[in-house]
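Reading through the structure tokens given below for one structure.
The values are calculated or read from the model by the stated rules, or taken from the named source; none is laboratory data. As the structure is a prediction and not an experimental result, all values here were calculated from the model. We place every Cβ from the backbone using ideal geometry, glycine too, and count neighbours over all the protein chains shown.
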């Protein structure tokens, strides 16, 4: 009888460990995805600021940054939301995943 109890306890502990690892993996993947979006957004923002410092105005489009400031973004995976506010006001910049349905 004692042997059966030990086996059951071992199985329960193993299932708990598997559940914890599964949940942790999901959180890590979500964090990694958010961090990647933040890095891309920072790259766009850096190119925008570099353009402003060089030319005295913010660029009107992301294409201008791609053509003149070596900005590269995987457009199959990410959309850049870029809303210019005027020549001397920092544009609104946001990056979302292309398959993001939010």
May I ask you to say which residue of 63, 74 is surrounded by 11 or more Cβ atoms within 10 Å (Cβ to Cβ) and more than 16 Å from residue 85 (Cα to Cα)?
63
Kindly provide the set of residues from segment 28-56 that are in contact with a helix residue (DSSP H, G or I) (Cβ under 8 Å, 6 or more places away or on another chain) and either closer than 17 Å to residue 96 by Cα or touching a residue at least 24 places away in the same chain (Cβ under 8 Å) (or both), ordered by number.
44, 47, 48
State all residues of segment 71-93 that are within 16 Å of residue 54 (Cβ to Cβ) and at pLDDT below 90; if no residue qualifies, say none.
87, 88
Members of segment 85-101 found to be touching a strand residue (DSSP E or B) at 6+ places or on another chain (Cβ under 9 Å) and either under 20 Å from residue 35 (Cβ atoms) or surrounded by 12 or more Cβ atoms within 10 Å (Cβ to Cβ) (or both), listed by number
91, 93, 94, 95, 96, 97, 98, 100
Suppose the filter is surrounded by 10 or more Cβ atoms within 10 Å (Cβ to Cβ) and within 13 Å of residue 93 (Cβ to Cβ); does residue 23 pass it?
no
Being surrounded by 10 or more Cβ atoms within 10 Å (Cβ to Cβ), modelled with pLDDT of 85 or more and in a helix (DSSP H, G or I) is the requirement here; does residue 15 meet it?
yes
I'd like the full set of residues that are in a helix (DSSP H, G or I) and under 16 Å from residue 92 (Cβ atoms), limited to segment 47-63.
47, 48, 49, 51, 52, 62
Can you give me the number of residues within segment 62-84 that are touching a strand residue (DSSP E or B) at 6+ places or on another chain (Cβ under 7 Å) and more than 21 Å from residue 36 (Cβ to Cβ)?
1
